[in-house]
Amino acid sequence: MEKRKTKELSEDLRSKIVRKHGQSQGYKSISKDLNVPVSTVRSVINKFKAHGTVANLPRCGRKRKINERFQRKIVRMVEKEPRLTSKQLQAVLQSEGTTVSTRTIRRRLNEKGLYGRIPRKTPLLTQRHKKARLEFAKTYLRKPNTFWKNVLWSDETKVELFGKRHQHRVYRKKNRPSKKRTRSPQSNMAEVP
């Protein structure tokens, strides 16, 4: 007899067992015909005699407030926007009629391998940045004024030193590094021909 992959029999197979028992077939012959252990055949028939059904009965324990559908939705939202807080996710679920605590939301995210991390506070300029800027300045130090008249200046950077943006948690998969952004010192300046 080969091992079954699932722990639970399908409802169709259970009803076949009961049907064969109703045709006055024995436990061993049902077991042989359907490739099911004799003890399983016995327990299915006893359950049918006791409850009159082969369907799954309600089990003990409270049902989860966040079902699989909501859990997938939360994970999608966090993967799309990693800076979402559990309070913001709570508000989204509240608007859809599900009241849950922020702790429950964090637990469901942890189950899927998403953990809250606070971004590290790093200084605006590192030694490497300072060195690159100094080299850049030395390169263009002796350029004439005519050269600088043809340069289009575009400084679109928004400098925010340890503002409120850095206080939010970021959800990342465990042991997944953040995406590194590389930027050359010349990217703020474009030369016009």
To two decimal places, what compactness ratio does segment 1-74 give when its Cα radius of gyration is scaled by 2.2 N^0.38 Å?
1.42
After finding the eigenvalues of the alpha carbon gyration tensor for segment 1-135, what semi-axes result from the square roots of 5 times each, listed largest first in whole Å?
56, 21, 10
What whole-number value in Å² describes the accessible area per residue of segment 1-124 for a 1.4 Å probe?
73 Å²
Against the 2.2 N^0.38 Å scaling, with N counting residues, where does segment 48-125 land? I'd like the Cα-based Rg ratio to two decimal places.
1.60
Please give the contour-minus-distance gain from residue 53 to residue 111: 0.36 nm per residue of separation, less the Cα-Cα distance, rounded to one decimal in nm.
17.4 nm
Give me the distance in nm between label points sitting 7 Å out from Cα along the Cα-to-Cβ direction at residue 126 and residue 11, one decimal.
5.9 nm
What FRET efficiency, computed as 1/(1 + (r/R0)^6) with R0 = 45 Å and r the Cβ-Cβ distance, is obtained for residue 63 and residue 24, rounded to the nearest 0.05?
0.65
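The values are calculated or read from the model by the stated rules, or taken from the named source; none is laboratory data. Bear in mind that the values here come from a model prediction, so they are computed numbers and not experimental data. When we count neighbours, we look across all protein chains shown, and the Cβ atoms used for this are built from the backbone with ideal geometry, even at glycine. Note: accessible area is taken over every heavy atom of the protein model, side chains too, but ligands, DNA and RNA are not part of it. Shrake-Rupley method; radii C 1.70, N 1.55, O 1.52, S 1.80 Å.
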